[in-house]
Structure formats: structure tokens, C-alpha cells
Amino acid sequence: MSETKIRAFPSEMPPRPAELAEWNALTREEQIERFAEFFAHPDCETFTDETAEDIIAAARQRAAVRRG
């Protein structure tokens, strides 16, 4: 995965109040620009055979490991 920094937008599950407040303070155009920037990132060009369910399960497993 590339280390290129993408400007912040809220976390997927669930966003912290500060993240959400920052996001909501942006104009609609700024929000769209951030999503466009995100989807233009080289990592978005990577294809996988994993299903959405596979990706969610892996993310939940990583989160469980972090929680201990």
C-alpha cells in the first residue's frame, strides 16, 4: 500500500466526533474534492479477488487483535 497522505475525512466505523465535525464544516464541493482525491489514489487501482465480506471480516479480525 502506498504511503501517500490523503487529506482526512471521517472514519468508516464510526467517525470520532472531532472527525465528523471537521467533515461537516467543509462545503459540499470540498467534500466531493476529498472523495475524488481519495479515489484517484494509486491504491484504488488495485484489484482483488476478495469479496466485501472477506474484507470486512479481515478488518474485524485486525480490530479484535488491537483490542486484545
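Any residue in segment 31-42 that's in a loop (DSSP other than H, G, I, E, B): show its pairings with residues that are aliphatic (A, V, I, L, M) at Cβ separation under 8 Å, as long as the two are six or more apart or on different chains.
Listed pairs, sorted by first residue: His41/Ile6.
Contact list please: Cβ distance under 9 Å, first residue in segment 56-68 and under 16 Å from Pro14 (Cα atoms), second residue of a type in the set (Asp, Glu), pairs at least six apart or on different chains.
Listed pairs, sorted by first residue: Ala59/Glu12.
Values quoted throughout were computed directly from the atomic coordinates according to the rules given, and no laboratory measurement underlies them. Note that this is a predicted model, so its numbers are computed, not measured. A quick note on method: Cβ atoms are made from the backbone with ideal geometry, for glycine too, and the neighbour counts reach across all protein chains shown.
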